[in-house]
Structures are given as C-alpha cells and as structure tokens.
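Below is one structure; the comments refer to it alone.
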Amino acid sequence: KMKFSIIIPNINNCFKLKKCIDSINKSVIKDYEIIIVDDYSDDPLIKKYYSEILSDNIHILLNEKNYGPSYSRNRGAFHTKGEIIIFIDSDCYIFPDTLTIINKFFNENKGVSCVGGTYTIQSLSGNFFDDFQSLCVNYFELKKEEAPYLAGHCFAIKNDLFKKTKGFFIGDYIGRKPNVEDVVFSLELKKIGERLMIIPNLLVKHDSSYNLYKSIRNAFGKSFIWAKLSSKQNNIK
C-alpha cells in the first residue's frame, strides 16, 4: 500500500503550484501520490501545466464549478490510496525531510492519528507583513504540543480516520472561504476524542503576499471561529 497521499487544492495558481510540486518531488521519501484538486480555474497557463505534469503519481481532479477549499480537500481525500493523507496549500513549499518527519512521528506515536506543522519563522518574500504573519502563526501554533487546531497548510491524518469523518465542513461561509475550515474540522476531531499534535520541526515555507488588512482579517477569522465553536462545544458538555 502507498504511504502518502498529498492533497493540494488550487485555483489559478500556476507559478506557486509548480514550486509546491517541485518541493514535494525533492522529498527523501518517494512513496507518495499527489492529488491536485482544481477549483474551477480559468487560466490557460494552469491547464497547460496540468497536462505537462499528469503522471502515474500526479492526479488532477477538476471541479465543475468553484466550491471552495473544503469541498476540494474532501474530494481529493476520497480519491486517495495512501495510508496517510497530507493536506498542504498550493502556496506552501515543503522540505526534503517533511515526509520523513511525519513518518517518524506516526511510527513513534501509535495512539495519534492526526498531526500538524506550521510556517517557518521567516517568509519566502522577506516582506514585513509576510514575515509578521509567518512569525505570528509559528508562535501561536507552537505554543502547546496539543494544538487547538491543525492548519490546512500542513495537516497529516491517517486515511482510515479521515474516511470515518464527514471531512471538512462545507457551507456558505465556512468551507468556501480559506482559513477557517481547518479550525472547524479540528474541533470535530477533538469532539470524537482525537489528539491534535503539533511537530515543532514540521515546517512549510509560505509564499504569501500579506498586507495589514489581510493579516488582521486572517487572524480575526480563525480566532473568532475557534472561540465561537469552542464555547458552543463547552456549553453542550
């Protein structure tokens, strides 16, 4: 059985996706498949790129309309053959030892079925807001070994567990907009008793383009959804 299935949602993102795929192909471990779920791109460049990279271990799924990241991740996951599903974003680049780190963790922690990573402290661009975002995400996601949520930019989960869940939530806001669907899915995993673990050296380099507005919106969106849903779950208990 194949070891890893790497799922990448994408829309109109040719240059960054190419760098993402290139980073995966430098992995020390070669036992993986890549599933790109295209969320209704209209850029001819991306379609040309898909035709160039299609192979035995790179699969392209085309959505018939724009559904958002939740639908795309779920669709990709239910086409997987690997023991471990890894979700990453098309603007994130992994390192040659990323798969090795995930494999080692699961081998040494048999009772854990889902694990996450975070951004490198420094962004790819070196832009102030990009660096600020990377630093903040890194700091808050590594505050505790057991995380409040696992982020979609680097999220590994055992295939059999994922397929027992309903997957990422699909809705008008959550599921169609990035940055909150992973929080909701993480809370559902915690609800069924799963431990959400963070590996400090499991890092991805984020090829971002933040400004002040995007930084505040991203932080507020995740924090608001997490606080609201956590409160709701606590009240149910």
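Data overview
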| quantity | calculated |
| --- | --- |
| Yes/no for residue 44 being touching a Pro at 6+ places or on another chain (Cβ under 7 Å) and not aliphatic (A, V, I, L, M) | no |
| Close pairs from region 119-138: first closer than 13 Å to residue 92 by Cα, partner part of a helix (DSSP H, G or I) and hydroxyl-bearing (Ser, Thr, Tyr), Cβ under 6 Å, at least 6 apart | 119/134; 123/134 |
| Boolean, residue 124 is touching a strand residue (DSSP E or B) at 6+ places or on another chain (Cβ under 8 Å), open to solvent by 20 Å² or more (accessible area, probe 1.4 Å) and within 21 Å of residue 25 (Cα to Cα) | yes |
| Residue tally, condition at pLDDT 85 or above and either open to solvent by less than 10 Å² (accessible area, probe 1.4 Å) or assigned to a loop (DSSP other than H, G, I, E, B) (or both), over region 137-147 | 3 |
| Residue in region 99-111 that is in contact (Cβ under 8 Å) with a residue 24 or more places away in the chain and touching a Leu at 6+ places or on another chain (Cβ under 6 Å) present | yes |
| Residue 188 of a type in the set (Asp, Glu), within 30 Å of residue 1 (Cα to Cα) and at pLDDT 95 or above | no |
| Only listed residue being surrounded by 17 or more Cβ atoms within 10 Å (Cβ to Cβ) and part of a loop (DSSP other than H, G, I, E, B), chosen from 151, 156 | 151 |
| Residue satisfying all of: in region 182-211; part of a loop (DSSP other than H, G, I, E, B) and free of Cβ contacts under 8 Å to residues at least 40 places away in the same chain; most open to solvent (accessible area, probe 1.4 Å) among these | 192 |
| One residue from 85, 35 being touching a residue at least 60 places away in the same chain (Cβ under 8 Å) and under 19 Å from the mean Cα position of the chain (by Cα) | 85 |
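The values are calculated or read from the model by the stated rules, or taken from the named source; none is laboratory data. Source: prediction; values computed, not measured. Neighbour counts run over all protein chains shown; Cβ positions are idealised from the backbone, glycine included. We work out accessible area using only protein heavy atoms, side chains counted, and drop any ligands, DNA or RNA first. Shrake-Rupley method; radii C 1.70, N 1.55, O 1.52, S 1.80 Å.
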